[in-house]
1. For the list (1) open to solvent by 80 Å² or more (accessible area, probe 1.4 Å); (2) closer than 30 Å to Phe203 by Cβ; (3) in contact with a helix residue (DSSP H, G or I) (Cβ under 8 Å, 6 or more places away or on another chain), I need the number of the one condition that Met55 fails.
2. Just give me the residues in the range 132-146 being open to solvent by less than 50 Å² (accessible area, probe 1.4 Å) and either of a type in the set (Asp, Glu) or assigned to a loop (DSSP other than H, G, I, E, B) (or both), in sequence order.
3. Can you pull out every residue in the range 1-59 that is part of a loop (DSSP other than H, G, I, E, B) and under 17 Å from Glu284 (Cα atoms)?
4. If you take the residues of the range 8-34 that are in contact with a Pro (Cβ under 9 Å, 6 or more places away or on another chain) and open to solvent by 30 Å² or more (accessible area, probe 1.4 Å), which of them is farthest from Pro304 (Cα to Cα)?
5. Residues in the range 207-229: is at least one hydroxyl-bearing (Ser, Thr, Tyr) and surrounded by fewer than 17 Cβ atoms within 10 Å (Cβ to Cβ)?
6. Would you check which residues across the range 238-251 are open to solvent by 50 Å² or more (accessible area, probe 1.4 Å), closer than 21 Å to Arg11 by Cα and modelled with pLDDT of 95 or more and list them?
7. Residue by residue through the range 35-46, note down the ones that are surrounded by fewer than 17 Cβ atoms within 10 Å (Cβ to Cβ) and in contact (Cβ under 8 Å) with a residue 24 or more places away in the chain.
8. Give just the number: which of (1) at pLDDT below 95; (2) open to solvent by less than 40 Å² (accessible area, probe 1.4 Å); (3) not charged (D, E, K, R) does Thr199 not satisfy?
Amino acid sequence: MIESYLTVRERLIRKIKVLSEIAWDRRCEGMEVQRWLQCFDGRTGLAAEEESVQMLFLLSNFLYFGEAEVKELLRALYRDLFRYRIVSAIRRENGDGGDDSLLRHQFTEELSRTIFLAEGGSEASSGPHLLYPFRQVNDLRHKNFLSPKRSLTERVQYDTPRVKHCVFLDDFSGSGQQAMDYAAKAAAQVLKIRPDVNTYLFFLVATEKSLHRIRKDGCFTHVDCVLELAEDFRAFSKESLYYIDPPEEIVQKLGQKVAKEYGQQLEPSSPLGFKNGQLLLGFEHNTPNNTIPILRSRRAGWKPPFPRKRST
């Protein structure tokens, strides 16, 4: 059995090496993987080799969004979730007609009354770090973004032409908690001043559960994402796409056992990720806390392959 595990281990390490070279921007290379594997010492009651194989399988299914992928997602967000929606509304207002010149002119007018802002509540959040590349790849003007010298409510109240669209942006939503803690409150303040303003909350990637939760709250005119993750993206759910046809040595219950036991030592309140996220994903700028801790936590001397840049 040990020999069988060692064979699978070598196959998985080769797969991870290829992923690192062609899909992960050379993140998580050989020595990093080895340092991470040394953290598994058999404390679950399984042999250390068995623990490491179950976790290598999870790592080999990690969904990574590098700089190029993030830029494409930012283009799609602006084009498909915002611009297309506004242009469609303009067409309807013109009886499903209007030539290209008219549509361009009216869209430019709508854009001049739009503010894009970060969904995250602090400079440490991922949202603010997306604004520059979002502006850059979509060739947007500075005035479409908040200045540090002026608040959102001030611009909504006093800008000329009057603000019509407030668009909150973030990279990821796993549970919807951050959106409810920050963006929903900011949107409520805007609507208190100007009930006619359209409020949008757009993510690059989001779980269907988080979108449902935010939409149900009713604080936003539109809530959407570029890439929506269903329940099958949760590693240990019954519908998990990762365990549809794994190698014989790979067992979902064992994977969950190892991930949870080590996760409890790293993050006792959320051993499988924030709000039991059970996700296997990250971005080039950070790894969400909904991803399982063994892949991203740096607590207690742990050596994760995709470390989270914040301590929470």
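1. (1)
2. Asn138, Leu140
3. Here is the first cut: in the range 1-59, the ones part of a loop (DSSP other than H, G, I, E, B) are 1, 23-29, 38-47.
Scanning the range 1-59 gives Ala23, Trp24, Asp25, Arg26, Arg27, Cys28, Glu29.
4. Among those that are in contact with a Pro (Cβ under 9 Å, 6 or more places away or on another chain) and open to solvent by 30 Å² or more (accessible area, probe 1.4 Å), it is Arg11.
5. Looking through the range 207-229, at least one residue is hydroxyl-bearing (Ser, Thr, Tyr) and surrounded by fewer than 17 Cβ atoms within 10 Å (Cβ to Cβ).
6. Leu241, Ile244, Val251
7. If the condition is that a residue be surrounded by fewer than 17 Cβ atoms within 10 Å (Cβ to Cβ) and in contact (Cβ under 8 Å) with a residue 24 or more places away in the chain, then Arg35, Gln38, Arg43 are the ones that fit.
8. (1) is the only condition that Thr199 fails.
The values are calculated or read from the model by the stated rules, or taken from the named source; none is laboratory data. Keep in mind that what you see is a predicted model, and the values were worked out from it rather than measured. So basically every Cβ, Gly included, is an ideal-geometry build from the backbone, and we count neighbours across all protein chains shown. For accessibility, only protein heavy atoms count, side chains too; no ligands or nucleic acids. Shrake-Rupley method; radii C 1.70, N 1.55, O 1.52, S 1.80 Å.
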